[in-house]
Amino acid sequence: MRIEAKNLRKAFGEKVAVDIDSYIINHGDMIGLVGNNGAGKTTLFRLMLDLLKADDGQVEYIGQASAEGAASPEPINPANSEDWKSFTGAYVDEGFLIDFLTPEEYFDFIGKVSGIDKSEVANRVNTYEPLMAGEILNQKKLIRDLSAGNKQKVGIIAAMLNQPEVLILDEPFNFLDPSSQIVLKHTLTQYNQSTGATIIISSHNLAHTIDICPRITLLEHGHIVKDLTNIDHSAAAELDAYFNGEGSAVPSEPTSPSAESEAPTQAEGEEA
């Protein structure tokens with residue numbers, strides 16, 4: 001699934017949260033969005049998920065042609081259609097959870113609205129046992145009584161339950177213990193490689209982002225200031241220099257992998 005943001009603008013009063021002329025996420029990209037607090041990462045996600053109305057511009061989801069030579073499907077604008085929901089999974093914050101349910105009840109609810117029967121829900125949930133680490137199922141706890149880390153796991157698993165073509169996760173490593181962070185990195189990488197899904201994560205954890213994302217986009221004050229190919233940690237030095245104050249605070253025209261016909265992907269190789 002290809003995603004395009006065109007002339008996308010969102011402001012809250014005088015504060016510009018997102019100001020992006022053009023941003024293309026190619027089919028199968030695994031992208032890390034990075035930036036300091038207030039960079040616009042979460043606002044961009046909320047625009048992509050139709051949780052906020054853009055002041056100007058739009059986001060479009062563009063599927064692949066069903067066969068060689070066939071016409072591509074019509075773009076889907078999430079502000080005008082709900083068709084995107086069938087192929088998208090997302091977890092942004094605890095507001096996505098229904099905290100008066102147990103994890104099992106919540107997974108069954110997500111399965112029901114996604115057209116997945118209970119037995120298949122159970123099968124899919126069980127594949128995430130390495131991430132759950134025996135702390136999610138059969139605990140006789142409501143979601144609201146779980147630790148912050150286990151709530152995070154429930155949200156991430158629920159986002160992946162419908163085996164989405166597009167997966168959007170805001171700060172997925174937050175609250176997770178070191179072992180769970182390592183398992184999550186493996187889970188996301190394996191999912192991208194095995195399905196070709198387009199995955200976009202935001203994170204303040206540069207090390208994890210550099211480890212798993214072949215493309216990293218840096219936002220500042222709502223602008224894309226760098227759009228970096230990251231093969232074998234090639235973006236590490238530039239990001240380190242930027243966050244250590246050596247980068248320009250003035251948005252510049254990035255050298256963007258999105259301008260290429262295909263950005264490197266794992267499958268082929270805010271306000272935060």
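Give me a count of the residues in region 221-241 that are farther than 18 Å from residue 30 by Cα, in contact with a strand residue (DSSP E or B) (Cβ under 9 Å, 6 or more places away or on another chain) and surrounded by fewer than 24 Cβ atoms within 10 Å (Cβ to Cβ). Total satisfying the criteria: 4. List pairs: first residue in region 184-202 and under 13 Å from residue 213 (Cβ atoms), second residue of a type in the set (Asp, Glu) and open to solvent by less than 10 Å² (accessible area, probe 1.4 Å) anywhere in the structure, Cβ distance under 7 angstrom, at least six positions apart or on different chains. Filtered contacts from region 184-202: 198/29.
Among the helices (runs of 4 or more DSSP H) confined to region 95-138, the ones with at least 3 residues that are farther than 17 Å from residue 149 by Cα are located at 103-113, 118-126. Of all residues assigned to region 217-235, none qualifies as being within 19 Å of residue 155 (Cβ to Cβ) and among the β-branched types (Val, Ile, Thr).
Scanning region 105-157 for residues that are of a type in the set (D, E, K, R) and closer than 20 Å to residue 176 by Cα, we see that the one that is farthest from the chain's Cα centre (by Cα) is 141. Scanning region 24-48 for residues that are open to solvent by 10 Å² or more (accessible area, probe 1.4 Å), farther than 24 Å from residue 190 by Cα and outside any helix (DSSP H, G or I) returns 36, 37, 38.
The values are calculated or read from the model by the stated rules, or taken from the named source; none is laboratory data. Note that the coordinates shown come from a computational prediction; the quantities given were computed from them, not determined experimentally. For neighbour counting, all protein chains shown are included, and Cβ atoms are generated from backbone atoms with ideal geometry for every residue, glycine included. Areas reflect the complete protein model, heavy atoms only, side chains present, ligands, DNA and RNA absent. Shrake-Rupley method; radii C 1.70, N 1.55, O 1.52, S 1.80 Å.
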